[in-house]
Amino acid sequence: MLVWGNEEEYEDALYIEKNTRARILPKMNLNSLKALISKADLIIGNDTGPTHMAWALNKSSLTLFGNTPGYRNTYETKINKVLESNSNVDANHLDKNDYSISDIKAKDIATAVKEMLV
């Protein structure tokens, strides 16, 4: 299931939906998103609201980091894991042109997910 918050994210979600078995959810408010996350087995996403909400709700999450530092924005637990790109991140000067999150391999994400759902 794909959640989105703005038109650019919706366009990305359309592309993903067209090329995978994922499905786009309708736009929702924060209470609806919180309710959805509370019922999910695992949340996968970048350094943004849904993954932070999963952590706060004690739900399994895998957070992907590219141009932001994972150590600064997460607290890893048995059920909350992080995958970071190989980007050299300067937490004081984030590079908005760094799209290294896309370098995280799908295989690495799948491996982490399998380990978390066992």
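Nothing in this text is a laboratory measurement; each read-out follows from the coordinates by a stated rule. Keep in mind that what you see is a predicted model, and the values were worked out from it rather than measured. We place every Cβ from the backbone using ideal geometry, glycine too, and count neighbours over all the protein chains shown.
Computed quantities for the displayed model
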| read-out | value |
| --- | --- |
| Residue check, residue 33 crowded, with 17+ Cβ neighbours inside 10 Å, farther than 25 Å from residue 107 by Cβ and not hydroxyl-bearing (Ser, Thr, Tyr) | yes |
| Residue in region 79-96 that is of a type outside the set (S, T, N, Q) and closer than 19 Å to residue 1 by Cα present | no |
| Sole exception among (1) surrounded by fewer than 19 Cβ atoms within 10 Å (Cβ to Cβ); (2) in a helix (DSSP H, G or I); (3) touching a residue at least 12 places away in the same chain (Cβ under 8 Å) for residue 75, by number | (2) |
| Residues of region 78-117 satisfying the condition of being among the small types (Gly, Ala, Ser), in contact with a helix residue (DSSP H, G or I) (Cβ under 8 Å, 6 or more places away or on another chain) and surrounded by 12 or more Cβ atoms within 10 Å (Cβ to Cβ) | 85, 87 |
